[in-house]
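Worksheet: the structure to be examined is printed underneath.
The values are calculated or read from the model by the stated rules, or taken from the named source; none is laboratory data. Everything quoted here is computed from the prediction, not taken from an experiment. Cβ atoms come from the backbone with ideal geometry, glycine included; neighbour counts cover every protein chain shown. To get the accessible areas, we keep the full protein, side chains included, count just its heavy atoms, and leave off ligands, DNA and RNA. Shrake-Rupley method; radii C 1.70, N 1.55, O 1.52, S 1.80 Å.
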Amino acid sequence: MKLGIPKETLTGEARVAITPEVAKSLIGKGFEVCVERGAGEGAHYHDDTYAEAGVTLVDRAEALACDIVAKVRRPTVEDAAQMREGAVFIGMLETCGEDEVASTLRARDIAVLALERIPRISRAQSMDVLSSQANIGGYRAVIEAAARYERFMPMMMTAAGSAKPARVVVLGVGVAGLQAIATARRLGAEVYAYDIRPETREQIESLGAKPIDLDIGEEGSGEGGYAKELSDEAKARQQQLLADELARAHIIITTAQIPCRPAPQLVAPEVVERMREGSVIVDMAAGSGGNCPLSRPDEIVTEHGVIIVGHTNYPSMMATDASAFFARNIANLLGIMVDKGEDGSLSLKDLDEDEITAAAQFKPQTSE
């Protein structure tokens, strides 16, 4: 069974779906791993290292023609058209409905396992790409904020005077938010956090941060551990009550996103105007509309003296480790997808039989 790994072509994407270490493990289990030449260069995994692991280095067309094709990001229409009919694609499809890429894959009878659809159940934790990459993103977001905040993060006492610790507010306490809290605490900041799901309070406190309690009249817990969208009335009340807390912050890390919906707006322009000059907002939801309407995707802007960071791909900034985590997720997923025969040959299982692969198969949702 051939596993193909094409090079990522999306601008700014440095990750690769399979690393040499994981490739060697998969080859030992009976896979023939075919990696496009140069696919790992952006993550500092070079062709000679893949070759030493037993990988077959190929051109793009050969990688796309394999039985299973694994990518980090969604394929292009051209990539989809080059895949073998009846093959399997594993990767981020990054769509909630039918589009040209999904239609092309469907027309070629290609089974699509959209990694963002991996269910959040205990069995699937080792395959959960969203969590592994969000964990990296939360860490990197704090590093980006600290690099642009022109003051100390921790309390600093010297013979020349002292500096108070930075006041950091994290909005959204999912995987990225929890890692952001932990990282900011390790850097010595005074950390506060807010999430509309009441069950996150204990998690916030366990990391040494202080929860922000707001009575907005609704509970925000949704399915699968995600937050749900609030009513317009609750959103307005949330912004009003948050305003004073956010205006006092020196650094705000926003991570709040809702699957297949625009990101909730939490940091209003009026709040930005009230913040101290030189403060920093890192809007991790900039790619899906932004938690702050002043943020711009993949840009760093300054508004009212406040630096607003709108990077949309933090894992790619740490491509070596991000690729390693991603590759292990893929390997674990492959482990439940194939059977090994007595002769050592691999065969694909019925993807509908396992709850994980059944849930991950792409089925377009109709937009309301």
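Need at least 3 residues that are in contact (Cβ under 8 Å) with a residue 24 or more places away in the chain per element, so show me which strands (runs of 3 or more DSSP E) inside the stretch 32-90 make the cut, counting only ones lying wholly within it.
Numbers: elements: 32-36, 56-58, 68-70.
Fully inside the stretch 32-90 and qualifying: 32-36, 68-70.
I'd like to check something: does the stretch 105-124 contain any residue that is open to solvent by 30 Å² or more (accessible area, probe 1.4 Å), of a type in the set (Lys, Arg), without any contact (Cβ under 8 Å) to a residue 12 or more places away in the chain and not in a loop (DSSP other than H, G, I, E, B)? Within the stretch 105-124 (the criterion being open to solvent by 30 Å² or more (accessible area, probe 1.4 Å), of a type in the set (Lys, Arg), without any contact (Cβ under 8 Å) to a residue 12 or more places away in the chain and not in a loop (DSSP other than H, G, I, E, B)), the answer is yes, since at least one residue qualifies.
Note on the stretch 67-94: residues that are open to solvent by 30 Å² or more (accessible area, probe 1.4 Å), touching a Ser or Thr at 6+ places or on another chain (Cβ under 8 Å) and not polar (S, T, N, Q) total 3.
The residue list MET157, MET127, MET153 contains one member that is within 25 Å of GLU355 (Cα to Cα) and either touching a Lys or Arg at 6+ places or on another chain (Cβ under 9 Å) or not charged (D, E, K, R) (or both), which is MET127. May I ask you to list the residues in the stretch 151-173 that are in a loop (DSSP other than H, G, I, E, B), open to solvent by 30 Å² or more (accessible area, probe 1.4 Å) and touching a strand residue (DSSP E or B) at 6+ places or on another chain (Cβ under 9 Å)? Of everything in the stretch 151-173, those that are in a loop (DSSP other than H, G, I, E, B), open to solvent by 30 Å² or more (accessible area, probe 1.4 Å) and touching a strand residue (DSSP E or B) at 6+ places or on another chain (Cβ under 9 Å) turn out to be ARG151, PHE152, PRO154, MET155, LYS164, PRO165. When GLY97 is tested against the conditions (1) buried (at least 17 other Cβ atoms within 10 Å of the Cβ); (2) touching a Cys at 6+ places or on another chain (Cβ under 9 Å); (3) part of a loop (DSSP other than H, G, I, E, B), the lone failure is (1). Listed by position, the strands (runs of 3 or more DSSP E) contained in the stretch 287-340 that have at least 1 residues being more than 23 Å from GLU8 (Cβ to Cβ) and open to solvent by 60 Å² or more (accessible area, probe 1.4 Å) are 300-303, 338-340.
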